[in-house]
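**Student:** One structure, as structure tokens, below. Some questions next.
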Amino acid sequence: MLPVALAGCAGTADPSGSSSPSPAASYRVVDDFCTKLDHQPLLDVAGGTTQVRDRPDRPDRKSCVLSAVSRDPLAIHAVTITMLVAPSPAEARESLGGPPPAGAQGIAREVSGVGDGAWVSIPPDSGPMTDPPEPYDGPVTSRMAMAAAMAGTAVAHVHFNFIAPQVPDDAQTEELAMEYARQTLDLMAD
């Protein structure tokens, strides 16, 4: 008779109320957020000194450029980060999108462990530029990469443009992208 009585208790409400869903976290766009980011991960990869430049804001988003610049030899590693708060998690997921196709080479994939979803796209290293732009006076390589992550209604888009004698490899680029996406989402949490 005891098993029947215990079976009748299954599915009863938890007296602590922990079965109710927790309230959703709220997010906000942050002023001067590039100055609030940890610049050291970029410096560890690129060296030099950092510079911050804000881009024109829109009411629903903020964007800035964090650069690491070395003078001798000239190298510029720029990260453009855009943060936005969507009206709903579904619209945040839509804004997150997905990685563009990688083609035959490069990386284009979803990344786990960052927010509620993230992706990275790293085209293959294009090799040395045959006609580098001024003021570069020696061989340089150019590399671009994109990433995005979301948490709740917060979305971070990260774009890299590296022009230097030597650019970060795929693993360094992905690690740097996810670090700045993670930091941006953390700053946006209220």
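**Student:** Give, in whole angstrom and from largest to smallest, the semi-axes √(5λ) of the equivalent ellipsoid of the stretch 86-190, with λ running over the eigenvalues of the Cα gyration tensor.
**Tutor:** Result for the stretch 86-190: semi-axes of 30, 14, 11 Å.
**Student:** What nm distance separates the two modelled labels at Gln105 and Glu91, each placed 7 Å from Cα along Cα→Cβ?
**Tutor:** Label-label distance for Gln105 and Glu91, simple model: 4.1 nm.
**Student:** Another question, then. Taking R0 as 41 Å, what FRET efficiency do you get between Asp57 and Asp131 from their Cβ-Cβ distance, rounded to the nearest 0.05?
**Tutor:** Efficiency computed from Cβ-Cβ geometry: 0.70.
**Student:** Once neighbouring chains are kept in place and the probe is 1.4 Å, which whole percent of the accessible area of the stretch 44-172 is contributed by carbon and sulfur? Display every interim value, and only then the final one.
**Tutor:** Details: 3440 of 6750 Å².
Looking at the stretch 44-172 in its full context, I get 51 percent from C and S.
**Student:** Turning to a different aspect of this structure: How much accessible area per residue does the chain have, in Å², with a 1.4 Å probe? Could you put the intermediate results ahead of the total?
**Tutor:** Working: 10670 Å² over 190 residues.
Per residue, the chain has an accessible area of 56 Å².
**Student:** When the helix-only estimate is applied to the chain (DSSP H runs of n ≥ 4, each -39,500 (n - 2.57), divided by the residue count), what is the mean residue ellipticity at 222 nm, nearest 500 deg cm²/dmol?
**Tutor:** Here the helix-only value at 222 nm equals -6500 deg cm²/dmol.
**Student:** May I pose another question? Return the tail of the calculated pair distribution for the stretch 64-127, meaning the percent of Cα-Cα pairs more than 13 Å apart.
**Tutor:** 75 percent
**Student:** Which FRET efficiency, nearest 0.05, do Ser142 and Ala25 yield, Cβ-Cβ r, R0 30 Å?
**Tutor:** 0.20
**Student:** Cα axis of helix 170-188 to longest principal axis of the chain: angle in degrees, 0 to 90, nearest 10?
**Tutor:** It works out to around 60 degrees.
**Student:** Separate question: Points 7 angstrom from Cα along the Cβ direction at Asp38 and Asn161: gap in nanometres?
**Tutor:** Computed distance between label sites Asp38 and Asn161 equals 2.7 nm.
The values are calculated or read from the model by the stated rules, or taken from the named source; none is laboratory data. What you see is a predicted model; the values in this text were computed from it and never measured. FYI the Cβ positions are ideal-geometry reconstructions off the backbone, even for glycines, and counts take in every protein chain you see. The area values use the complete protein model at the heavy-atom level, side chains included, leaving out ligands, DNA and RNA. Shrake-Rupley method; radii C 1.70, N 1.55, O 1.52, S 1.80 Å.
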